[in-house]
Amino acid sequence: MNESKKIIGVVAFCLLGLFLLITAWNSFTIVEGGFVGVKKRLGNVSNEELEQGIHFIIPFVDSVTKIDTRLVPIPIDAKAASKDLQKVTTQVTLAHHLTGSMAAETYQKIGALKELDAAVVGPGIQEAVKAVTAQYTAEELITRRSTVKLQIEEAIKSYLAKSLLEAGVPGAINVNSVAITDFQFSKEFDESIEAKVKAEQEALKAENEKKTKITQAEALAESIKRAAEAEAYKTQKEAEARATAIKVEGEALRSNPSVLQLRAIERWKGYVPTFQGGNGQLIPFVNVDQLQKHSAQPEQDGNAGK
């Protein structure tokens with residue numbers, strides 16, 4: 001009997017020790033960095049957030065849910081239609097985080113960030129993308145990408161602010177950035193864009209070739225024009241030179257007629273050329289007697305001077 005009491009006592013002591021150990025273990029909680037703790041007492045959510053560190057709680061009465069407040073990206077493939085009724089899938093990545101000071105109230109009314117994304121953020125992105133892409137054609141979504149991105153970001157923030165206000169948790173989410181990683185269109189539209197770009201490139205190439213040919217033709221025409229002007233100038237100068245020479249020679253002949261006879265003698269090859277006069281008589285082309293007379297005249301003049 002005494003042996004049984006001892007065993008019971010030991011077991012009871014062990015159980016008590018184990019209970020005390022479990023109680024001590026559950027009398028505190030640790031909140032890691034990047035999280036806030038939301039305390040629930042018998043299932044009721046407290047409005048006070050627990051910052052990172054060690055916190056004491058009532059064992060088996062209080063429980064703590066740790067809410068992530070770190071920056072989290074959420075990728076969404078938002079399907080919409082452009083202004084020209086082209087199907088567009090916009091890949092949007094939103095970087096956001098839960099506001100720590102709103103964690104308890106948000107958890108009580110909506111849930112943690114996962115529930116917020118499903119209930120508010122995801123639908124907000126879809127709605128914003130649809131509203132903005134409907135204002136642009138498919139081509140404008142590409143060419144005006146920066147403008148579209150800015151409008152989508154503003155539309156998302158506006159939608160989230162309105163939705164959170166209506167849910168009673170304004171400012172529960174902070175949006176850090178919105179990135180549009182890609183626009184995806186139908187296969188037919190992609191092929192039409194590719195064909196259009198190719199056609200524009202070929203047209204530009206043809207236009208450049210046309211301009212090159214025109215430039216070359218103009219250069220050739222200018223070269224021919226300058227060559228013709230140079231030839232005309234040369235011809236003009238040669239004509240002027242010949243005219244001047246003829247004029248000088250004519251004046252020389254008028255002042256000294258014997259020069260013509262002298263030129264004939266210089267070209268004489270030993271026979272006397274003749275020409276037919278008006279009476280049919282052959283007359284020597286060069287009048288030798290006259291030449292002798294003219295040649296003797298200077299000598300007489302010289303002797304007279306002496």
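The values are calculated or read from the model by the stated rules, or taken from the named source; none is laboratory data. What you are looking at is a predicted structure, and each value in this text was computed from that prediction instead of being measured. A quick note on method: Cβ atoms are made from the backbone with ideal geometry, for glycine too, and the neighbour counts reach across all protein chains shown.
You will find that of 119, 95, the residue that is small (Gly, Ala, Ser) and farther than 27 Å from residue 45 by Cα is 95 and no other.
Among the residues of the stretch 145-166, those identified as more than 12 Å from residue 180 (Cβ to Cβ) and either among the hydroxyl-bearing types (Ser, Thr, Tyr) or surrounded by fewer than 19 Cβ atoms within 10 Å (Cβ to Cβ) (or both) are 154, 157, 158, 159, 161, 162, 163, 165, 166.
With the structure loaded, tell me whether residue 29 is among the β-branched types (Val, Ile, Thr) and farther than 18 Å from residue 98 by Cα or whether it fails that test. Yes: the conditions hold for residue 29.
Among 187, 211, which is the only one that is loosely packed, with under 10 Cβ neighbours inside 10 Å and more than 22 Å from the chain's Cα centre (by Cα)?
Values: 211 fails: loosely packed, with under 10 Cβ neighbours inside 10 Å.
187 is the lone residue from the list that is loosely packed, with under 10 Cβ neighbours inside 10 Å and more than 22 Å from the chain's Cα centre (by Cα).
Within the stretch 154-184, if we keep just the residues that are acidic (Asp, Glu) and at pLDDT 90 or above, the residue that is nearest to the chain's Cα centre (by Cα) turns out to be 154.
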